[in-house]
Amino acid sequence: MNRIKPLNINLLEQKLHPLPLIKNVVYLDEITSTNDLAKQISAEKSHHGTLIIAEKQTAGRGRKAKNWFSLPGKGLYFTLIIEPPLVPNLQILTLGAGVALARAIESICALITGLKWPNDVYIYNKKAAGILAESITRGTKSMVVILGVGINVNHDPQDFEKELSGIATSLKISTGKVISREDILAEFLRKFTYVYQEIIEGKASQVLKSWLNRALYIGKEVTVVKEKTLITG
């Protein structure tokens, strides 16, 4: 199995300049979870604009404590720490990150994307990326948002474990070519900077509209699991 070369941080930082939202980039070979590190370092001190990237996560996770498959060298696994000037709705930030990621994939890969409530990006009815937004409070007026993202970039079909092969895809599988991880990450951060600005300016309705334009299962019957109850509608 061919290994994609490590992320080029110098190239990434060049692509991010000038992007005011990104203040610092931390790059690690391996970590349990980028979200866990982000929460740890943000508990007492401000780290607004810090981007934490790992080639491999040993305990990466999605919603409801589900594991996130983190193959080193092929995917993108990162967390952005943001401290909004006003306490936002965490859900709208998750949706906004989904919109930004969908736009980035569409821009770089020329693919049609779909968004599944509340945090998954789909391509051809298979999951290509997921977002996990968490928050911590520091004092009485400060809220820190920990925005974790995992993207299947250059995975080949054989890279996915058996139980994932029928439901997961990657940008490489979808386009038939190797995709620059630096390009995807930089484009996402540019798109998210714009969406984030809309949210803090009170334009959340525009973000929600953009999300709904890509929403999967609109008008279709779905079943939702809430705690141990199934709700169909």
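The values are calculated or read from the model by the stated rules, or taken from the named source; none is laboratory data. On a predicted model such as this, the values are computed, not experimentally measured, just so you know. Cβ: placed from backbone, ideal geometry, glycine included. Neighbour counts: every protein chain shown. We work out accessible area using only protein heavy atoms, side chains counted, and drop any ligands, DNA or RNA first. Shrake-Rupley method; radii C 1.70, N 1.55, O 1.52, S 1.80 Å.
Annotation note: GluC sites (Glu not before Pro) in the range 171-219 located in DSSP loop regions with a Cβ neighbour count of at most 13 within 10 Å are Glu201.
Sparse packing (at most 13 other Cβ atoms within 10 Å of the Cβ) combined with a DSSP loop state is found for the following trypsin sites (Lys or Arg not before Pro) in the range 100-142: Lys141. When all protein chains stay in place and ligands, DNA and RNA are ignored, the 1.4 Å accessible-area order of Trp117, Trp211, largest first, is Trp117, Trp211. In order along the range 13-24, the phi-based Karplus estimate (6.51 cos²θ - 1.76 cosθ + 1.60, θ = phi - 60°) of 3J(HN,Hα) comes to 5, 5, 5, 8, 8, x, 10, x, 6, 9, 9, 7 Hz; Gly and Pro are listed as x.
How would you classify the range 81-191 from its alpha-carbon gyration tensor, with a ≥ b ≥ c the square roots of the eigenvalues: rounded for a/c under 1.5, else prolate if a/b is greater than b/c, otherwise oblate? Verdict is prolate for the range 81-191.
Near Ala100: Cβ cut-off under 13 Å, other residues only, Lys/Arg at +1 and Asp/Glu at -1. The net charge is +1.
Residues whose amide H comes within less than 5 Å of that of Val26, counting only those at least five positions distant or on another chain, are Leu51, Ile52, Ile53 (H built at 1.01 Å from N in the peptide plane). The figure for Tyr194 is an accessible area of roughly 140 square angstrom, using a 1.4 Å probe on the protein chains alone.
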